[in-house]
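Just below is one structure, and these are the notes that go with it.
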Amino acid sequence: MHKTYPNIRSNTNFKPHKDWLQIKTIDMHTGGEPLRVIVDGFPELKGDSVLDYRRYCKENFDHLRTALMFEPRGHADMYGCILLPPNDANADFGIIFLHNEGYSTMCGHAIIAISTLAIEMHWVDVKEGDNIIKIDAPCGRITSFANVKNGTVTGVRFHCVPSFVVGLDKTVEVDGLGKITYDLAYGGAFYAYVDMAKNNFDFDLSVASYRTLITKGMDIKHAVMQADKKIKHPFEADLSFLYGTIFIDNNKQPSGIDSRNVCIFAEGEVDRCPTGSGVSGRMAIHKARKEIDYGETMTIESITDSVFKGSIISEEDYGTFQAVIPQVEGMAYITGIQTFLIDPNDPMKDGFILR
């Protein structure tokens, strides 16, 4: 009898060579948007705050970001995070976010996912009902509420950092599109919000327009970056950059959803979920336009039809801005457990992207 197949069945544990780096992750998704949670094997990051850790990672281990986010281990739209000590004892842990361009300041889908994982892994003391988790992100402290029923997470909502409008109905000239009207707002990251109804586009926010949305979204992002000098965070220079373009359709959707948006961020990534930081910025915009008030909820769907709920908790002065504290709610799911191997002799060990 041929013995190869029985050997395969009896020997499924691969032992990596001693000089190979092993990085363990738990993979998740929130509304279809991936999150690769790095839980072991990443080199120690040095610093006294989340922003320090982010700078240290960028300066010393950026090749590991690309190894885990890029092909062949990831893809052009991959997203990840590293868990770290909090800025002080009043929070549970810190977090930095990774993607195809670098390191973002805030990520709502990651907050929803990591809060879910914290419950599933019992990293925090778990009880029935709301479990409060305090997370230090690069943009500031985020408070999340993971609701547990019969030991299972039934939903996560979070209160974002102060979110504010920089300008409404601003305009910019974009090659191939002409004059574009947009709102500039911050919800943990800066976005140019482009209302489909105010601009004469020949595309929509469906999957069929996927590649067009990437191209046009990046064209608008680059044009706004060059033309708009008001992309400045009131307190942190590291947060003062435009993260992406969010296309908005405020018409009530056939499913009864209030609105639809598609976010093009980083280096042409398309958010599969409604974008938690983007929804936070939208809450500031809608409050400024008197389109939402306390006690009201807006349901916003993404290009995959996944839904977040957005609302307003409070208002406060934030530097020179009148800001809101938004609440965003969604669900996340675990998709896999990985041990990634990095062979120092592999010429593609640091990853690559074709798109």
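The values are calculated or read from the model by the stated rules, or taken from the named source; none is laboratory data. Being a predicted model, the structure only gives us computed values, none of them experimental. In this analysis, Cβ positions are derived from the backbone assuming ideal geometry, glycine residues included, and neighbour counts consider all displayed protein chains. What goes into the accessible areas is simple: the full protein's heavy atoms, side chains included, and nothing from ligands, DNA or RNA. Shrake-Rupley method; radii C 1.70, N 1.55, O 1.52, S 1.80 Å.
Which Cα, out of 243, 26, 342, lies furthest along the positive dipole direction of the chain (beta carbon charges, K/R +1, D/E -1)?
Result: 342, furthest along the dipole toward the positive end.
Roughly how many percent of the accessible protein surface of region 9-157 is carbon and sulfur, given a 1.4 Å probe and a whole-percent answer?
The C+S portion of the solvent-accessible surface of region 9-157 is 45 percent.
Under 5 Å between amide hydrogens, which residues at least 5 positions from residue 100 or on another chain qualify, with H placed 1.01 Å from N in the peptide plane?
Those qualifying (amide H under 5 Å, at least 5 residues apart or on another chain) are 267.
Of all accessible surface on region 271-317 at a 1.4 Å probe, what whole percent is carbon and sulfur?
On region 271-317, the fraction of accessible area on carbon and sulfur atoms equals 42 percent.
So, R0 is 30 Å and r is the distance between the beta-carbons of residue 235 and residue 354; what FRET efficiency does that work out to, to 0.05?
The value I calculate is 0.20.
Given region 234-296, what whole percent of its Cα pairs are spread farther than 14 Å?
Counting every Cα pair in region 234-296, those more than 14 Å apart make up 67 percent.
If you roll a 1.4 angstrom probe over the protein chains with everything in place, what fraction of the accessible area of region 197-242 belongs to carbon and sulfur, to the nearest %?
51 percent
Go through region 159-244 and name the chymotrypsin sites (Phe, Trp or Tyr not before Pro) that are in a DSSP coil and have 13 or fewer other Cβ atoms within 10 Å of their Cβ.
Those satisfying the criteria are 235.
Name the shape class, rounded, prolate or oblate, that the alpha-carbon gyration tensor gives for region 1-57, where a ≥ b ≥ c are the square roots of its eigenvalues, rounded holds for a/c under 1.5, and otherwise prolate holds if a/b is larger than b/c and oblate otherwise.
oblate
How big is the dipole moment of region 112-181 about its Cα centre under a simple scheme where the beta carbon of each Lys and Arg is +1, that of each Asp and Glu is -1, and everything else is neutral? Debye, nearest 20, please.
So the magnitude is around 140 debye.
In debye, nearest 20: dipole of region 1-148 around its Cα centre with unit charges on the Cβ of K, R (+) and D, E (-)?
Result for region 1-148 is approximately 660 debye, rounded to the nearest 20.
What are the trypsin sites (Lys or Arg not before Pro) within region 97-158 that DSSP puts in a loop, where the Cβ has at most 11 other Cβ atoms within 10 Å?
127
On C-alpha positions alone, give me the angle between the axis of helix 276-288 and the longest principal axis of the chain, in degrees, nearest 10.
Approximately 10 degrees, to the nearest 10.
Treating only the Cβ of Lys, Arg, Asp and Glu as charged (+1, +1, -1, -1), what charge dipole size does the chain show about its Cα centre? Round to the nearest 20 debye.
About 580 debye.
Which of the three applies to region 211-318, rounded, prolate or oblate, going by the alpha-carbon gyration tensor with a ≥ b ≥ c and a/c under 1.5 meaning rounded?
It comes out oblate by the Cα gyration axes.
Which value, in Å² rounded to 10, gives the accessible area of residue 349 with a 1.4 Å probe and all protein chains present?
Accessible area, nearest 10 Å²: 70 Å².
Provide the per residue accessible area, probe 1.4 Å, for region 311-354, rounded to a whole number of square angstrom.
59 Å²
For region 1-57 and region 104-124, compute the distance between their C-alpha centroids and round to whole Å.
That distance is 18 Å.
With the other protein chains left in place, how much accessible area per residue, in square angstrom, belongs to region 63-132 at a 1.4 angstrom probe?
Accessible surface, normalised per residue, equals 33 Å².
Dimensions of region 307-355 along principal axes (Cα, Å, largest first)?
54, 30, 22
In sequence order, what are the phi-derived ³J(HN,Hα) couplings for region 26-38 according to the Karplus relation 6.51 cos²θ - 1.76 cosθ + 1.60 with θ = phi - 60°, rounded to whole Hz, with x for glycine and proline?
My calculation for region 26-38 gives 10, 9, 9, 8, 10, x, x, 7, x, 9, 9, 8, 7 Hz in order.
Which value, in Å², gives the accessible area per residue of region 256-295 when a 1.4 Å probe is used on the protein heavy atoms?
27 Å²
Residue 17: accessible area at probe 1.4 Å, nearest 10 Å²?
Probe radius 1.4 Å; accessible area of residue 17 about 110 Å².
Which residues' amide hydrogens lie under 5 Å from the amide hydrogen of residue 155, considering only partners 5 or more residues apart or on another chain, with H built in the peptide plane?
Those qualifying (amide H under 5 Å, at least 5 residues apart or on another chain) are 147.
Pull up the cross-link candidates among the aspartates and glutamates for residue 170, meaning alpha carbon to alpha carbon under 20 Å and not fewer than 8 places away within one chain.
183, 195, 219, 228, 249, 291
Can you pull out the chymotrypsin sites (Phe, Trp or Tyr not before Pro) in region 249-355 that DSSP calls coil and that have at most 16 other Cβ atoms within 10 Å?
294
With an 8 Å Cα cut-off and a minimum separation of 6 or more residues, compute the relative contact order for the chain in percent.
21 percent
Which of the listed residues, 152, 129, 163, is farthest toward the dipole's positive end in region 104-239, when Lys, Arg count +1 and Asp, Glu count -1 at the beta-carbon?
Positive-end residue among those listed: 163.
Determine how many Å³ per residue the convex hull of the Cα atoms of the chain encloses.
Cα convex hull per residue, to the nearest whole number: 182 Å³.
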